[in-house]
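In what follows, a structure is listed as structure tokens, so that the remarks can point back to it.
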Amino acid sequence: MMLDDIKDALIEGNKEKVKTCVRQALDAGLAPSAIINDGLISGMQVIGARFRNEEIFMPEVLVAASAMQAGMDLVKPLLIGDVEVASRGTVLMGTVKGDLHDIGKNLVIIMLQGSGFNVIDLGVDASAEKFVEAVKQHRPQVVGLSALLTTTMAQMKRTVEALKQSGVKVMIGGAPITRKFAADIGADGYALDAVTAVDLTRELLGLS
């Protein structure tokens, strides 16, 4: 079955095979929603479960995420008007002001998209004010803050405080961040890695 082929290719981390299988599925008339939900997302769920069980590690997750993105790039232009792709919710992601690192943030975004979430990317060097304005504009249920530099942790604290009035759930992560720091600054959750970030998002939204 074509959808199983997409799923298996993604689990293998074979980007070119994923693209080939997605093109074949599109040529055969399969709905973009089915390709995403039953092929790509289904495959990333297996990757997430294997990572949690320590059957695979972050390098394999990165390869699978890259394959996922390649497949999504082919399908996304065809999604206009496809009501079968139901988002689980909207997540706003960004790296805080003073920090230009985005590799971790971008992986979280791919994993969230691969789990059915709509993601708004604020990019890097995003001020607290920019986050607040984006929350007003996009009305996400969850905001994710990323930081790699210890010098920008104070900015993360400021952003969390600025977002408190909005009532949105805030999760944070990055190399210098700890669960204790998240609790100390009033964040709603801490994610160690991209797979954990997806689990935490589901938890914050009360999803199974």
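Across q = 0.15, 0.17 Å⁻¹, the chain modelled as identical point scatterers on its alpha-carbon atoms has Debye log10 I(q)/I(0) values of -0.90, -1.10, in the order of the q list.
Between the helical axis of 41-52 and the longest alpha-carbon principal axis of the chain there is an angle of about 60 degrees.
The label point for ASP8 and the one for ALA183, both projected 7 Å from the Cα toward the Cβ, are 4.7 nm apart.
For LEU30, LEU92, the sequence from fewest to most other C-beta atoms within 10 Å is LEU30, LEU92.
Look at the dipole of the chain built from charges on Cβ: of GLY29, MET153, LEU3, the Cα furthest out on the positive end belongs to MET153.
Taking 31 Å as the limit for the C-alpha separation, the pairs LYS76/LYS130; LYS17/LYS105; LYS15/LYS180 exceed it in the case of LYS15/LYS180. For the chain, the longest principal axis of the alpha carbon atoms and the long axis of helix 58-75 meet at an angle near 70°. Remark: spin-label model distance ALA154-VAL46 equals 4.9 nm, labels positioned 7 Å along the Cα→Cβ axis. Seen against the Cα atoms of the chain and their longest principal axis, helix 103-114 is set at about 50 degrees. Peptide packing: for 53-61, 152-160, 171-179, the average count of neighbouring Cβ atoms within 10 Å per residue gives the ranking 152-160, 171-179, 53-61, highest mean first.
Computed from the coordinates by the stated procedures, all read-outs in this text should not be read as laboratory data. The model shown is predicted, which means the values in this text are computed figures rather than measured ones. Neighbour counts run over all protein chains shown; Cβ positions are idealised from the backbone, glycine included.
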